[in-house]
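J.: So that we are looking at the same thing, I have put the structure below in structure tokens.
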Amino acid sequence: MTTRASSYLLQAQTFVSDDDAADLESALAAARECEAAGEPYPANVRALVRVAWGLLEIDAPEVAAEFGPPDL
């Protein structure tokens, strides 16, 4: 089973600065809407999931290992 984009974004919130928090929050809301509607993720969400994955690899490698790399 593929890990949802919202999971990566939610976990990465802990590791972002205030400046980046608004972008992450917006992407998280968009990802949840897409997941609820069964629609594909927009490019900005996919890009921030990749950023979130990078943060998790550095700051929470156990979470990154559990989730695996994003497959969007």
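The values are calculated or read from the model by the stated rules, or taken from the named source; none is laboratory data. Quick caveat, the model's predicted, so the values are computed rather than measured. All Cβ positions, glycine included, derive from the backbone under ideal geometry; neighbour counts span all protein chains shown. Ligands, DNA and RNA are excluded from the accessible area calculation, which covers all protein heavy atoms including side chains. Shrake-Rupley method; radii C 1.70, N 1.55, O 1.52, S 1.80 Å.
J.: Heavy atoms only, probe 1.4 Å: what % of the accessible area of the chain goes to carbon and sulfur, would you let me know?
T.: 50 percent
J.: Still on this model: Rg and Dmax of the chain over Cα atoms: what are they, in angstrom?
T.: 11.2, 32
J.: Per residue of the chain, what 222 nm ellipticity follows from adding -39500 (n - 2.57) for every DSSP H run with n ≥ 4, rounded to the nearest 500?
T.: -23000 deg cm²/dmol
J.: Please compute the contact order of the chain in relative form: average sequence separation of alpha-carbon pairs under 8 Å and at least six residues apart, divided by the residue count, as a percent.
T.: Relative CO of the chain lands at 43 percent.
J.: Treat every Asp and Glu Cβ in the chain as -1 and every Lys and Arg Cβ as +1, leave all other atoms uncharged, and give the resulting dipole magnitude about the Cα centre to the nearest 20 debye.
T.: About 240 debye.
J.: In Å², and per residue, what accessible area does the chain have when probed at 1.4 Å with the other protein chains present?
T.: 62 Å²
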